[in-house]
Amino acid sequence: MTVKCTAGALLLLLASTICAFGQEARLTDAQIVGILLVANQAEIAAGQTALRRTQSRSIQSFASRMVDEHGQVNRETAELMQRLAATPQRSAASDALTQQSYDDLAMLNAIEAREFDQAYLDREVIFLRQLIKSVDAFIPSTRNAELKVLLVRSRPSFIFHLDQAHRLQLALERPGYGR
């Protein structure tokens with residue numbers, strides 16, 4: 001019962017925080033980059049937590065992929081910003097997302113080991129769904145062509161991650177879920 005209450009509270013908090021992703025007044029490209037970097041860093045941090053906490057090989061594999069692929073997007077984003085001699089900018093959305101990431105990590109670290117996998121996957125599904133929605137909103141409003149290409153190129157992997165998280169959730173619900 002505690003995992004359901006904790007997961008429910010997390011889901012409400014996460015959903016309310018990340019609704020602001022694309023809701024600000026027109027974001028600049030530098031602010032979009034700031035949000036993208038924070039979102040990817042949040043995924044990396046959650047994945048690293050999962051690698052430490054889970055006993056499930058399938059979730060370890062998923063978390064490792066999250067760390068690697070979101071890290072790659074952040075490296076590509078940093079390289080782009082360096083080429084453009086630009087600096088990512090904070091926004092209300094990136095600040096809220098940073099705080100939410102800290103809260104998520106605190107919750108994931110505090111949850112009991114046997115309930116961790118479900119809470120981690122619940123967080124991933126909500127977060128990735130919102131990340132995809134945000135990227136969809138950012139693509140048409142981005143002015144820089146290279147940033148637009150990066151967003152368009154990253155989107156399919158975010159969708160794939162969401163699909164993997166859904167599949168792992170379904171596997172977790174099956175009796176005799178193998179680790």
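The values are calculated or read from the model by the stated rules, or taken from the named source; none is laboratory data. If you're wondering where the values come from, they're calculated on a predicted model, not measured in any experiment. Cβ coordinates were reconstructed from backbone atoms using ideal geometry, including for glycine residues, and neighbour counts include every protein chain displayed.
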Members of the range 34-61 found to be in contact with a Lys or Arg (Cβ under 9 Å, 6 or more places away or on another chain) and under 25 Å from residue 173 (Cβ atoms), listed by number: 46, 47, 54, 55, 56, 57, 58, 59
Count of the range 29-55 residues which are modelled with pLDDT under 95 and hydroxyl-bearing (Ser, Thr, Tyr): 0
Filter result for residue 95 (free of Cβ contacts under 8 Å to residues at least 12 places away in the same chain, of a type in the set (Asp, Glu) and farther than 16 Å from residue 49 by Cα): yes
Lone qualifier among 113, 119, 86 - being under 23 Å from residue 166 (Cα atoms), at pLDDT below 95 and hydrophobic (A, V, I, L, M, F, W, C): 113
Filtered residues of the range 61-92 (kept if among the charged types (D, E, K, R) and in contact (Cβ under 8 Å) with a residue 60 or more places away in the chain): 65, 69, 76, 83
